[in-house]
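Scroll down for the structure; my scribbles are underneath it.
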Amino acid sequence: MGKKVLILSSSPRRNGNSDLLCDRFAEGAGKAGHQVEKIRLAEKKIGYCTACYACRNGKCPQQDDAPEILEKMLAADVIVLATPVYFYTMCAQLKALLDRTVAIFPRLTDKKYYYIMTMADANREMLKGTIEALRGFLDCYEGSVEAGMICGLGVYEKGEVRNQPVWEEAYRAGLQI
């Protein structure tokens, strides 16, 4: 039986480069027999955490889509965190969701994570801040494993990623979960 794979695409651009790599990863994972779901965070209402800690008593007072996504994160075996890199870190849509995982802390354990990142800069060193932030998130949850990293560098215009080696890399990563 295949694994449950949850892809969290945080690109504000539908069919933007990181969003396209999510689809390519999903294609490979689906072919390998895994159950895949992709959620486009830009199409969801996700408020930022207000640090009220009402969630510790059972329910966040915000009326948005975060609780449904958090439940899917808990149910997944593999989680893909995908982001375009803006100002050398993850985009706001992904950060808002990761902050909201306080509502399920410390239950988000024993997951495998893949990162998908794209940026206009071709210098891989410029991913350092994004990678550090994503790893910091994983450090908070016991049993989290960084299973892979897919990096589309030097891509700015929508769709450019299709002409890069990372296109096939994303597909192979999905196949090899």
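List of remarks:
- Of all residue pairs spaced 6 or more apart or on separate chains, those with beta-carbon atoms under 9 Å, a first member in the stretch 24-47 that is free of Cβ contacts under 8 Å to residues at least 60 places away in the same chain and a second member that is among the charged types (D, E, K, R) and open to solvent by less than 20 Å² (accessible area, probe 1.4 Å) are 38/19; 40/19; 42/19; 46/100; 47/100.
- Filter result for residue 56 (surrounded by fewer than 20 Cβ atoms within 10 Å (Cβ to Cβ) and more than 30 Å from residue 33 (Cβ to Cβ)): yes
- Qualifying residue in the stretch 50-62 (condition: over 14 Å from the mean Cα position of the chain (by Cα), farther than 25 Å from residue 119 by Cβ and in contact (Cβ under 8 Å) with a residue 60 or more places away in the chain): no
- Pairs, first part of a strand (DSSP E or B) and open to solvent by 10 Å² or more (accessible area, probe 1.4 Å) in the stretch 1-18, second modelled with pLDDT under 95 and not charged (D, E, K, R), C-beta under 8 Å, six or more apart: none
The values are calculated or read from the model by the stated rules, or taken from the named source; none is laboratory data. These numbers come from a predicted model, not from an experiment. Please note: Cβ atoms are built from the backbone with ideal geometry, for glycine as well, and neighbour counts cover all protein chains shown. Note: areas computed on protein heavy atoms with side chains; ligands, DNA, RNA excluded. Shrake-Rupley method; radii C 1.70, N 1.55, O 1.52, S 1.80 Å.
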